[in-house]
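Enquirer: My questions all concern the structure below.
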Amino acid sequence: MRHRRKTVKLQRPAAHRKAMLANLTCSLIEHRRIKTSLAKAKALRPVAERMVTLGKKNTLHSRRRALSLLGSNQLAQRSTKTLFEEIAPASADRQGGYTR
């Protein structure tokens with residue numbers, strides 16, 4: 001049984017899955033909408049929600065945590081800047097469910 005097992009493996013090794021979810025999150029932040037499979041979208045939702053929650057805090061520590069989770073390439077840096085300057089202030093009054 002799968003009781004208390006949160007991770008959706010998507011038939012990929014851990015490093016590939018982590019990189020794929022980071023790239024999907026960057027694309028979602030940059031384009032505001034992406035097309036992907038239902039399983040990947042369901043796996044992406046908690047990651048994206050966590051990023052918006054970090055963006056709402058808007059501290060140096062939360063920026064560094066977001067960059068560490070998204071990667072250190074230019075796309076991740078642009079996405080982090082967009083997240084903290086545009087997306088998080090727009091959803092400041094929401095308590096969750098940002099990726100509906």
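Enquirer: Once phi is turned into θ = phi - 60°, what whole-Hz ³J(HN,Hα) does the Karplus curve with 6.51, -1.76 and 1.60 give for every residue of segment 82-96, x standing for Gly and Pro?
Expert: Once θ is set to phi - 60°, the couplings for segment 82-96 become 4, 4, 7, 9, 10, 6, 5, x, 5, 10, 5, 8, 7, 9, x Hz.
Enquirer: Angle check, please: helix 38-57 long axis (alpha carbons) against the longest principal axis of the chain (alpha carbons), in degrees 0 to 90, nearest 10.
Expert: Roughly 30 degrees, rounded to the nearest 10.
Enquirer: Compute the angle between helix 14-31 and the longest alpha-carbon principal axis of the chain, please, reported from 0 to 90 degrees and rounded to the nearest 10.
Expert: It is inclined by approximately 40 degrees.
Enquirer: Hey, another quick one. Based on the Cβ-Cβ distance of residue 74 and residue 15, what FRET efficiency does E = 1/(1 + (r/R0)^6) give at R0 = 22 Å, to the nearest 0.05?
Expert: Taking R0 as 22 Å, the efficiency between residue 74 and residue 15 is 0.60.
Enquirer: Set the Förster radius R0 to 25 Å, insert the Cβ-Cβ distance between residue 3 and residue 41 as r into 1/(1 + (r/R0)^6), and round the FRET efficiency to 0.05. List each step's numbers first, then the result.
Expert: Working: r = 24 Å, r/R0 = 0.94.
Efficiency at R0 = 25 Å is approximately 0.60.
Enquirer: Over the chain, what relative contact order in percent results from Cα pairs under 8 Å that are six or more residues apart?
Expert: That works out to 31 percent.
Enquirer: Solvent-accessible area per residue for segment 30-100 at a 1.4 Å probe radius, Å²? Provide the component values of the computation, followed by the final result.
Expert: Values: 4950 Å² over 71 residues.
Per-residue accessible area for segment 30-100 comes out at 70 Å².
Enquirer: Of the residues 42, 56, 81, which exhibits the maximal mean-square fluctuation in a Gaussian network model of the chain defined by a 10 Å Cα contact cut-off?
Expert: Residue with maximal mean-square fluctuation among 42, 56, 81: 42.
Enquirer: How much of the accessible area of the chain, in percent, comes from carbon and sulfur atoms when a 1.4 Å probe is used? Mind showing how you got there, number by number?
Expert: Details: 3790 of 7410 Å².
Accessible surface attributable to carbon and sulfur in the chain totals 51 percent.
Enquirer: For the chain, what Kirkwood radius comes out of the mean inverse Cα-Cα distance, in Å?
Expert: 14.0
The values are calculated or read from the model by the stated rules, or taken from the named source; none is laboratory data. Everything quoted here is computed from the prediction, not taken from an experiment. As a convention, Cβ positions derive from the backbone with ideal geometry for all residues, glycine included, and neighbour counts pool all protein chains shown. Quick note on the areas: whole protein, heavy atoms, side chains included, nothing else; ligands and nucleic acids left out. Shrake-Rupley method; radii C 1.70, N 1.55, O 1.52, S 1.80 Å.
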